[in-house]
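Structure first, then comments.
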Amino acid sequence: MVAIPRISASFPVEKLVEENKAAPFVKWAGGKRRLMSQYEQFFPRNFRAYHEPFLGGGAFFFHLQPRFAVLSDINHRLIESYQAIRDDLEGVLECLAYHRSHHSKDYFYKCRERMNQGDLLIKSDRAALMIYLNKTCFNGLYRENLKGDFNVPIGRYKAPRIFDRENLELVSAHLQGVELHVGSFEKVLDRVSPGDFVYFDPPYVPISATSSFTNYSKGGFTSQHQHQLADLFTKLAERGCFVMLSNSDCGFVRELYSKWRCEVVSASRCINSRATKRGPINELVIMSY
């Protein structure tokens, strides 16, 4: 277990975590942890505050360890989990320990039903349930149907890592003083100032009929949303922000961002149901700087 001092308003959290970077505590489609070595060359050297409106697993946030950060996502269950880990870590850990001791196929589906019914009153309970289902569902996938219900089946794991105190303690330390919001990506425009770094990692434009995966939330993410995001990218750049965006390497995306710097990184498909289709694939990194 990592020995973490009691955090107060005057405690320099960055000193605590500078040598112990947290890892994402949920698996999220499109996560960037494995691509960090390719992205490091593209990060701005100096920026005022960090904003990430499609938070997901937060790999960039945990890697950069920004002094000031505003993180958001449209998925309220995800943001609530971050908030609970920040504000009531012991409560989350207690619930996760319970889930670990009761894990089974029947227990998984009962928990999934409980989360969809929304009958848990305490935020730490809801957060632990979200984490438990993420760690035990098929391929760590998060997906909602049109009703907003989480509908991923149980995965086949021999020993899922449901309880990870050491990493969650680091996550909680990283999150102290961080703003967390539920909301759509457009809201970032109300929060930024010149010199801020904004990173967008939206649901990717599908590059084939079988690769489409945009239903992280019940509304999905359409081509209209992609156009709105491209317009927002320009507005933020004109305001004087450092703006970075990841997306599929396809003609549609290249046309949307034709006036901006585009670089290519090599990633792997991790959410395809067929293991043979999880090989390397090019992705675009688009920058305003």
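The values are calculated or read from the model by the stated rules, or taken from the named source; none is laboratory data. Bear in mind that the values here come from a model prediction, so they are computed numbers and not experimental data. When we count neighbours, we look across all protein chains shown, and the Cβ atoms used for this are built from the backbone with ideal geometry, even at glycine.
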task = From the list Asn167, Asn139, pick out the single residue that is under 30 Å from Val198 (Cβ atoms) and in contact with a Phe, Trp or Tyr (Cβ under 8 Å, 6 or more places away or on another chain).
result = Asn167
task = List every residue pair whose Cβ atoms sit under 9 Å apart, with the two residues 6 or more apart in sequence or on different chains, where the first one lies in the range 32-44 and is closer than 11 Å to Ser266 by Cβ and the second, anywhere, is among the hydrophobic types (A, V, I, L, M, F, W, C) and outside any loop (DSSP other than H, G, I, E, B).
result = Arg34/Ala59; Arg34/Ala267; Leu35/Ala59; Leu35/Val265; Leu35/Ala267; Gln38/Val265; Gln38/Ala267; Gln38/Val285
query = Yes or no: Val92 over 29 Å from Phe233 (Cβ atoms), within 19 Å of the chain's Cα centre (by Cα) and in a helix (DSSP H, G or I)?
reply = yes
ask   = Does Tyr39 fit the bill of being more than 15 Å from the chain's Cα centre (by Cα) and assigned to a helix (DSSP H, G or I)?
value = yes
remark   = Of the candidates Phe200, Phe221, the one satisfying the condition of being at pLDDT 95 or above, crowded, with 18+ Cβ neighbours inside 10 Å and farther than 26 Å from Leu89 by Cβ is Phe200
message = Being in a strand (DSSP E or B) and not β-branched (Val, Ile, Thr) is the requirement here; does His63 meet it?
response = no
ask   = Pairs, please: C-beta under 7 Å, at least 6 apart or cross-chain, first residue farther than 24 Å from Asn145 by Cα and in a helix (DSSP H, G or I) and in the range 97-112, second of a type in the set (A, V, I, L, M) and modelled with pLDDT of 95 or more?
value = His99/Ala128; His99/Ile162; Arg100/Ile162
request  = May I ask you to say which residue of Arg86, Arg126, Arg112 is buried (at least 18 other Cβ atoms within 10 Å of the Cβ) and over 20 Å from Leu180 (Cβ atoms)?
outcome  = Arg112
task = Mind listing just one residue for me: the one in the range 36-63 that is crowded, with 21+ Cβ neighbours inside 10 Å and out of contact with any Pro (no Cβ under 6 Å at 6 or more places or on another chain) and, of those, nearest to Val192 (Cα to Cα)?
result = His51
remark   = Exactly one of Tyr132, Tyr142 is part of a loop (DSSP other than H, G, I, E, B) and on the phi < 0 side of the Ramachandran plot, and that one is Tyr142
message = Six or more apart or on different chains, Cβ atoms under 6 Å: show the pairs whose first residue is in the range 64-77 and at pLDDT 95 or above and whose second is buried (at least 19 other Cβ atoms within 10 Å of the Cβ) and assigned to a strand (DSSP E or B).
response = Pro66/Tyr50; Ala69/Tyr50; Val70/His51; Leu71/Glu52; Leu71/Leu180
Matching option when the condition is among the β-branched types (Val, Ile, Thr), assigned to a loop (DSSP other than H, G, I, E, B) and touching a Cys at 6+ places or on another chain (Cβ under 9 Å), among Val152, Val198 = Val152
query = Any residue in the range 48-58 that is part of a helix (DSSP H, G or I), at pLDDT 95 or above and not small (Gly, Ala, Ser)?
reply = no
request  = Would you confirm whether any residue within the range 204-214 is at pLDDT below 95 and assigned to a helix (DSSP H, G or I)?
outcome  = no
